[in-house]
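Single-structure report; data block below.
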Amino acid sequence: MISYSLNNMAITIEKEGASHFTKAGYPMRFGKYSEIRTSEYEFQFNLKGEIKFIRGLNVNWPHPSEWLKRTDGNDWVFYSVGAVIDYKGIIDCVGEYYLPCLIYPSNSLWGFNPYTDPNVSKAFVAWSQLYANLYEMQRRDRIPPNIRDFLSLIFSNDETTLHKESKKLHSIIGERVSVLPPDTRHVEYEVIPLIIADGCLYHCNFCCVKSPRGFQARSEENILEQIRQLKAFYDCNLGNYNALFLGNHDALGAGDERICMAASEALGAFEFGNSYIKNPVLFLFGSVDSLLKAENKLFRNLSSLPFYTYINIGLESADAPTLASINKPLKISVIRDAFQKMLAINQEYGNIEITANFLLGEQFSPDHYQSLAELLRSVPDSSHSKGTIYLSPLMDNQKRPTIMDSQKRNDLLQSFFEIKKLNRLPTYLYLIQRL
Ligand code: SF4
């Protein structure tokens with residue numbers, strides 16, 4: 001770590017954050033990063049010199065533990081510590097000490113839009129101003145060579161370049177990741193995406209993140225080419241990743257050989273064993289059919305890899321009319337079988353965890369909630385809390401990014417807490433995050 005003071009700024013390069021993802025109610029940083037602190041803001045950069053975090057240090061900033069984060073998809077996300085949730089603790093709702101606020105319809109459950117707060121907007125103005133000031137300074141002042149190199153990295157990542165880089169990432173993998181598995185919250189949504197299959201089986205009518213394509217696995221050549229290009233894309237910042245997302249909406253359907261080939265090749269190429277952040281993690285989505293078709297061999301092979309693997313399955317409902325209303329062409333018996341298989345795999349494999357999603361919304365009948373309660377009652381005491389249940393808040397106006405009125409919001413949260421109370425498994429709200 002090298003520190004330097006320059007015109008009321010403290011510049012630190014290659015600062016070391018935590019080497020394990022940990023849940024905390026204060027701003028924790030993971031891996032290696034560089035930082036510029038002014039009297040008003042803290043700006044943090046990844047090892048490519050791309051802006052990653054901004055946190056206000058002035059009295060007008062909403063809360064000292066809140067910050068803005070820029071994703072590899074070039075979205076800015078405000079991390080709130082929960083002043084917005086006036087109901088119960090944020091940790092009870094989402095399993096984390098913070099709420100990442102991306103503007104999606106289902107995320108509007110909180111009735112909170114930090115981007116309309118002028119004190120948040122001012123952070124972006126401050127970032128532009130810092131960029132301009134640094135540019136002037138490096139032309140004018142004597143600066144040690146390593147700090148000068150760091151500043152050059154920042155200058156090579158202006159807004160246009162950052163936008164182009166996100167497009168490049170999407171072009172390497174062939175599409176934007178419209179939603180990450182909810183389990184990626186365990187690594188702060190910091191995953192390397194690798195697409196092994198496109199499209200999905202069901203095309204449910206409630207889904208605002210689906211692709212129009214039918215399910216199609218990618219070829220081995222395509223997967224290997226993505227890995228080669230992704231390694232070059234992440235470049236010197238690769239060491240800050242310990243997690244792989246095998247996409248897209250039903251990677252489990254790509255089958256044993258393709259999943260294990262992709263995971264093993266990525267493990268070697270991305271050198272997760274040498275990451276600054278320990279304990280590699282693998283994430284996948286799977287459909288009900290893919291889970292039921294998956295043979296023991298797949299789980300045995302996955303468990304022999306050095307990943308902790310999360311597979312997230314969209315079960316949605318155990319009530320036939322509800323399944324019909326969302327256009328999910330599955331029988332209740334199949335949903336129940338998938339749920340039991342999830343419990344069995346979670347018991348059997350120490351490093352594989354299957355999690356499931358169900359829908360939550362005022363438009364669903366009491367039978368939807370009743371059948372869900374019955375299903376959850378079948379969870380044995382010995383489940384060891386493995387297998388989180390995520391409830392996806394769904395609104396009638398799902399496709400429009402509006403803020404829900406407070407009465408509807410409270411009703412939905414009330415339903416959520418009722419389900420959470422009777423479930424032996426961890427139960428949280430599903431937040432949609434894209435990449
Ligand atoms: S919920 Fe899953 S299966 Fe249904 S349309 Fe969306 S991505 Fe496809």
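The values are calculated or read from the model by the stated rules, or taken from the named source; none is laboratory data. Bear in mind that the values here come from a model prediction, so they are computed numbers and not experimental data. Reconstructed Cβ throughout: ideal geometry from the backbone, glycine too, with neighbour counts over all protein chains shown.
A compact table of results
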| quantity | calculated |
| --- | --- |
| Residue list for the range 29-50, filter: assigned to a strand (DSSP E or B) and not hydrophobic (A, V, I, L, M, F, W, C) | Lys32, Tyr33, Ser34, Glu35, Arg37, Tyr41, Glu42, Gln44 |
| Selected residue (only one of Tyr26, Tyr79 is of a type outside the set (Asp, Glu) and in a loop (DSSP other than H, G, I, E, B)) | Tyr26 |
| Lone qualifier among Leu246, Leu162, Leu252 - being within 30 Å of Glu316 (Cα to Cα), part of a helix (DSSP H, G or I) and either more than 16 Å from the ligand (Cβ to nearest atom) or touching a residue at least 40 places away in the same chain (Cβ under 8 Å) (or both) | Leu252 |
| Verdict on Ser171 being out of contact with any Asp or Glu (no Cβ under 9 Å at 6 or more places or on another chain), of a type outside the set (A, V, I, L, M), away from the ligand (no atom under 16 Å from the Cβ) and at pLDDT 95 or above | yes |
| Identity of the residue in the range 303-337, over 30 Å from Asn274 (Cβ atoms) and within 24 Å of the chain's Cα centre (by Cα), that ends up surrounded by the fewest Cβ atoms within 10 Å (Cβ to Cβ) | Gly314 |
| Residue list for the range 134-147, restricted to those being outside any loop (DSSP other than H, G, I, E, B), within 23 Å of Met1 (Cα to Cα) and over 33 Å from the mean Cα position of the chain (by Cα) | Tyr135, Met137, Gln138, Pro145, Asn146 |
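Condition check ((1) without any contact (Cβ under 8 Å) to a residue 12 or more places away in the chain; (2) closer than 29 Å to Ile311 by Cβ; (3) more than 12 Å from the ligand (Cβ to nearest atom); (4) assigned by TED's automatic domain parsing to the domain that holds Ala269) across all residues:
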residue	(1), (2), (3), (4)
Arg139	yes, no, yes, no
Ile143	no, no, yes, no
Ile147	no, no, yes, no
Leu153	no, no, yes, no
Val187	no, yes, yes, yes
Ile196	no, yes, yes, yes
Gly199	no, yes, no, yes
Arg213	no, yes, no, yes
